[in-house]
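Chemist: Dropping the structure in here first, questions after.
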Amino acid sequence: MFLPNLDIQELFNAVQTGLLLCGQDCRFVLANSVALDFFNRAGRELADQSCHKALFGNDTRCDGCPASGENQPGKRQSLALKGQGGDVYLKIFCQRWQGQYLLTIHDVTQEITLLRRSDLDRKELQAKNILLERRRRLNQEEQEFLSQLMDNLPEALLAVDEDFLVKRQNMAVLDLFPSQDGTHCYDLFGHRAPCPECPALRGFSEANGQKKSHEADGRVYTEIFSVAPNGKGGLLQFRDITRQVDLIGQIRARREEIASKNKVLSLLVDFGIYLQKETGINEVAGYFIDAILPDLHAGAAGLIINDIRAGNIWLSYQSGMSTAEWKTVTKACMARDLQQPNSDRLLADTVLPWRQNTQIPLVGAQGQRVGLVLLEGRLEQEELDILRLVTEPLGAFFQNQLLLRQLEEKANKDALTGLFNRGYLTQALEEEEEKFQAYGIHHALVLGDINQLKKLNDQYGHEIGDRLIVAVAEALRNTLRNTDIAARTGGDEFIVLLTNSTDEDAEHFIERLQSLVFADLSIPLPDGGEFPVTVSLGKAGTDRHPPEALAKEADRQMYAAKERFYATASRYR
């Protein structure tokens, strides 16, 4: 039986992992300091015990033990030790060696813990690497022992001198680095000189126990340094930790994803609370663009809210665009087809100042379109889904505000005809004048006065006169576009605001009324007769007259038309 001498004991203690040597009777012959430390921490005694009793508490040899037969292969087993600082997980490999049995013990506590934390049902990398240092001036028997020991270790091990020249390597090096054909350790990673920041540049004594990471061909390796027993050169242990690094990266990514989702959830809650408390539309728009959106999107942005009157914008707010750029965008948003409640149309890319953009229609609780959110850059589907969680309550808020405006609008309508009153017309005229000044969009006024209303009232009563007024109002309402406004400003006086129209457009509008609408229109009289509906009309457009002169010019033309009417009909006083 081979009995190691003190040099062999010193060699065992130089190895950075546990080694146990058993005799034919499976009793311990030799143990290095690492192995003794494992079992001392667990309060286990190894002296004068068999390996199967001391390690596993078995009275008989383990199944598959190499000591059971001549040709029995090596055996691997796992062992958990209860230590004062927590459980220690070990992997033990037993094999025959020179008539005895060599047990190699690997500490895999870190790998087991990492796998448990990541809930992955996979085997972790093999046990903690074994570092071997060889001494110079070993006899032939010791060198053979060291060589056999190194080749039986599962992880790559290099023995190098002070100049990083490889003196010995085990078979695992070729498995880990198949293309390795260099003479120095740094050749493994394609370097022509020692790796940058190598811990051994100042000597292996200072590098002893230190680690260094390497990346090569998409793989990540850890290098562990140990000083040789004679202090000259050292042992380098390499392990591929790519899977471990990937696992850590996945865990970090999941944590970041969870943190991001928690942030979005908190943002949504805060925004919902804000919408419940705040009723000012400008404040809400500013809070959305300046406070909420920057956490969800990086880049310029804009918000457009349609008015209850088609062709107008009720509210606009932007960040990151110039005045000229925003002017172009808001003008394009006044298109009637873009403001339809059920429209799914978006702005043309040429209108927006960005090479790529994302447009999110803003809809209310009933699915009606109320506006548009404009974002710089193309968003991924996941980003869009998150943004819609914010735009949905925002759309519901503005729809409620628009419903309130519609209620206010009803209060501005004439009770008899259902047309708007003078106050609402004045507000609409101010909006059109702003569009004219900002965008050069023309508008026109058409003034109308019913002919012979006083005669009808005196002869048949005001009820019949009201019928005449209602007939004119219905005729005007049925002729207008949804962007135009008709208002009753007096007993028999009407004003029509034609948006996006010129003086010539107003002239065509009057011709259409007179030739197609009023030409054959009449109301029935109590005596069975018919009273013809006639209206004197005048017009004026901003392409020919300043906005403040439209009413005066249209009134002048209306009275001229009335004089022409009474030139062919008797004037009633």
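Chemist: Take Leu55, Leu521 and order them by how many other Cβ atoms sit within 10 Å, fewest up front.
Modeler: On the way: Leu55 23, Leu521 17.
If I rank by nearby Cβ atoms, fewest first, I get Leu521, Leu55.
Chemist: Quick one: if you stick a label point 7 Å off each Cα along the C-beta vector at Glu530 and Thr60, how many nm between them?
Modeler: 12.1 nm
Chemist: Please report how far the C-alpha centroid of region 512-563 lies from that of region 428-463, rounded to the nearest whole angstrom.
Modeler: Rounded to whole Å, the Cα centres lie 9 Å apart.
Chemist: Pick the calculated Kirkwood radius over Cα pairs in Å for this structure from (1) 26.0; (2) 32.8; (3) 24.1?
Modeler: (2)
Chemist: Per-residue counts of other Cβ atoms within 10 Å, averaged by peptide: what ranking do you get for 87-93, 350-356, highest first? Display every interim value, and only then the final one.
Modeler: Details: 87-93: 18.9, 350-356: 14.4.
Put in order of decreasing packing, that is 87-93, 350-356.
Chemist: Provide the FRET efficiency to the nearest 0.05 for the Ala549-Arg355 pair, computing r from the beta carbons and using R0 = 56 Å. Each step should come with its number before you reach the end.
Modeler: Working: r = 45 Å, r/R0 = 0.80.
Here the calculated transfer efficiency is 0.80.
Chemist: In addition: Which of the peptides 558-569, 395-406 is most tightly packed, and how do the rest follow, judged by the mean count of other Cβ atoms within 10 Å per residue?
Modeler: Values: 558-569: 13.5, 395-406: 17.5.
Put in order of decreasing packing, that is 395-406, 558-569.
Chemist: Still on this structure: Relative to the present Cα-Cα distance, how much length would full extension add between Val470 and Asn482 at 0.36 nm per residue of separation?
Modeler: Numbers: separation 12, 0.36 × 12 = 4.32 nm, distance 1.93 nm.
Length gained between Val470 and Asn482: 2.4 nm.
Chemist: Right, here's the next one. Suppose R0 equals 22 Å. What FRET efficiency, 1/(1 + (r/R0)^6) with r the Cβ-Cβ distance, do Ala298 and Val264 give to the nearest 0.05?
Modeler: Numbers: r = 15 Å, r/R0 = 0.68.
Given R0 = 22 Å and the Cβ-Cβ separation, E is 0.90.
Chemist: Kindly rank 361-367, 533-539 from highest to lowest mean number of other beta carbons found within 10 Å of each residue. All intermediate terms of the calculation are to be shown ahead of the outcome.
Modeler: Working: 361-367: 15.7, 533-539: 22.4.
Ranking the peptides 361-367, 533-539 by packing returns 533-539, 361-367.
Chemist: Which order do His442, His297 fall in if you start with the one that has the fewest other Cβ atoms within 10 Å?
Modeler: Details: His442 21, His297 18.
Arranged by neighbour count, lowest to highest, His442, His297 become His297, His442.
Chemist: Next question, about the same structure. Report the full-extension gain for the segment Lys327 to Met171: residue separation times 0.36 nm, less the Cα-Cα distance, to one decimal in nm. Walk me through the intermediate numbers first.
Modeler: Working: separation 156, 0.36 × 156 = 56.16 nm, distance 7.35 nm.
In short, 48.8 nm is gained.
Chemist: Need the full-extension length gain, Ala216 to Asn40, defined as separation in residues times 0.36 nm minus the C-alpha distance. One decimal, nm.
Modeler: Working: separation 176, 0.36 × 176 = 63.36 nm, distance 3.97 nm.
Between Ala216 and Asn40, full extension yields 59.4 nm more.
Chemist: If you don't mind, there's one more thing I want to ask. Once you sort the root eigenvalues of the Cα gyration tensor of region 17-117 as a ≥ b ≥ c, which label holds: rounded (a/c under 1.5), prolate (a/b larger than b/c) or oblate (the other case)?
Modeler: Values: a/c = 1.98, a/b = 1.53, b/c = 1.29.
It is prolate, given that a/c is not under 1.5 and a/b is the larger ratio.
Chemist: Between Glu430 and Asn342, what FRET efficiency follows from the Cβ-Cβ distance if R0 is 25 Å, with the result rounded to 0.05? Could you put the intermediate results ahead of the total?
Modeler: Numbers: r = 29 Å, r/R0 = 1.18.
Efficiency at R0 = 25 Å is approximately 0.25.
Throughout, read-outs are computed from the coordinates displayed, never taken from laboratory work. Keep in mind that this is a model prediction, so the values were computed, not measured. Positions of Cβ are generated from backbone atoms using ideal geometry, with glycine treated the same way; all protein chains shown enter the neighbour counts.
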